[in-house]
1. Between residue 278 and residue 371, what is 0.36 nm times their sequence separation minus the Cα-Cα distance? Round to one decimal in nm.
2. Taking the highest mean first, how do the peptides 311-323, 192-204 order by number of other beta carbon atoms within 10 angstrom per residue?
3. Label points 7 Å out from Cα along the Cβ direction at residue 295 and residue 70: separation in nm?
4. Fewest to most neighbouring Cβ within 10 Å: what's the order for 181, 190?
5. Give, in nm to one decimal, the length gained when the segment between residue 201 and residue 349 is fully stretched (0.36 nm per residue of separation minus the Cα-Cα distance).
6. Given R₀ = 45 Å, FRET efficiency for residue 89-residue 256 by Cβ-Cβ distance, to 0.05?
7. What residues qualify as long-range amide H neighbours of residue 359, i.e. H under 5 Å apart, gap of 5 or more or another chain, H built at 1.01 Å from N?
8. Let me make sure I get this right: for the range 162-298, a, b and c are the square roots of the gyration tensor eigenvalues over alpha carbons, sorted descending. Under 1.5 in a/c it's rounded, otherwise prolate if a/b > b/c, else oblate. Which is it?
Amino acid sequence: MQKLMTTFGIVSLACVLSAAPLSWQDGAPVAPAAPSAPAKQDAPATAPKAPDGKKAGSSNGTGSGGKAAKEPKKIRPAGVWYGVEKAPEKKAGAVRIAAYNVENLFDAVDDPTLQGEYDDIKMVTKATRVQAIADEIKRLDADILCIEEVESLEALKWFRDTYLKDMGYAHAYSEEVGYYRGVEQACLSRFPIKSHATFINEDLTDMDALRDGEGWAGKKPDQAQKFQRSPLKVEIDVNGWTVILYSVHFKAGGKEFGYQRESEALQTIEFVKQDLAANPAANVAVLGDFNATPSMKTPKAFGAAGMKGAYDFRANKDSGTKDLYTTHDSGRAIDYIFMTKGLADDVIDGGFFVMGTMHPASDYNWKTDPEKEKVPAGYASDHCPVAVDVMPKDAAPKVAEPKDGAPKTAPAPAAKPS
């Protein structure tokens, strides 16, 4: 594919996150309540006997000079640790765009193309967790929701038709993205999806030429040939206002996979440049799970390319709000929304938020609980949804005034669920 080299103004990403959330007012999100402290453990009735006649806490039998016994680490209970407990109320006419990694949403239908180690029938999501995911989506109330880690279009429609019947998501799409484990990017929308595309066979090897400056990961010969999971591109018509979204799920893993993530990000930026070459005022967003923290090159590349991070439109810009904008159970911010100028100009100030969801207790270990048998009630995913509210400025004009003198906007075209 021809790569366009349109130059963007460099806009740095605001990524300084500090601690201690504050309260929100005037319809803005409410900071999470601190979970109650765990019950105190009773101290042992007598001190443990020291070996070899030495006093407890002594390294030489004199009772002095030894290190104090280590206090047992307190367990933080399950609860809403990050984000806001309640999504803010949408303003009249606003459109909420969101992304949510739902952590392996599989239906109970056996896919014959997924067998052996990655047999999908062994991955069926428990009904209680499916319900929890649906509950969070209802609380979020996004008009356009990009989802990561859905098994298939069939699974997406089953989920929508079974659990989200009253949400108005008449339009749904998911497409194979080339991932060996079978999960895809998807979209649920209250507005028509005009077009969609994936880029499974896109060659990433030419992205090295775009790595200007320092700080990039070292080249890995076995990485960055193709996307591990292709972005899903959807073009959506919101009553005459068109928005283009790239739902992404960049390569997971530690620093050793930084080179792969960076190449995926750079290629996605090239796609956005093509959209802007066709229409410099295009409303475009790249959103989803970047698997990289704000200090890493993967998200920084979008700011350097002139895209605006939704974090810049956060409701609470005070210091001490790190927990409000953390997006993953691990305590990291790794989910983002980056926008072109056309879309960023339509964002409502204070319209970005992370919606808090149930977090397991601090002694929970997902590695020893792959089937999610020990998660707390209400647990939906290891990610929190991220969302931004926009007020379309170039939408369809208003229809003629009715007799009562109250103007009404043109209604969305009726559509059957797709």
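1. Numbers: separation 93, 0.36 × 93 = 33.48 nm, distance 4.62 nm.
Going from the current span to full extension adds 28.9 nm.
2. 311-323, 192-204
3. 2.5
4. On the way: 181 14, 190 19.
Starting with the residue having the fewest Cβ neighbours, the order is 181, 190.
5. Full extension of this stretch gives 49.4 nm more.
6. Efficiency computed from Cβ-Cβ geometry: 0.55.
7. Hits under the 5 Å cutoff: 79, 80, 81.
8. The shape class here is prolate.
We did not get these values from a lab; they are worked out from the coordinates using the rules stated. Predicted model only: the values in this text are computed from it and were never measured. Positions of Cβ are backbone-derived with ideal geometry, glycine not excepted, and every protein chain shown enters the neighbour counts.
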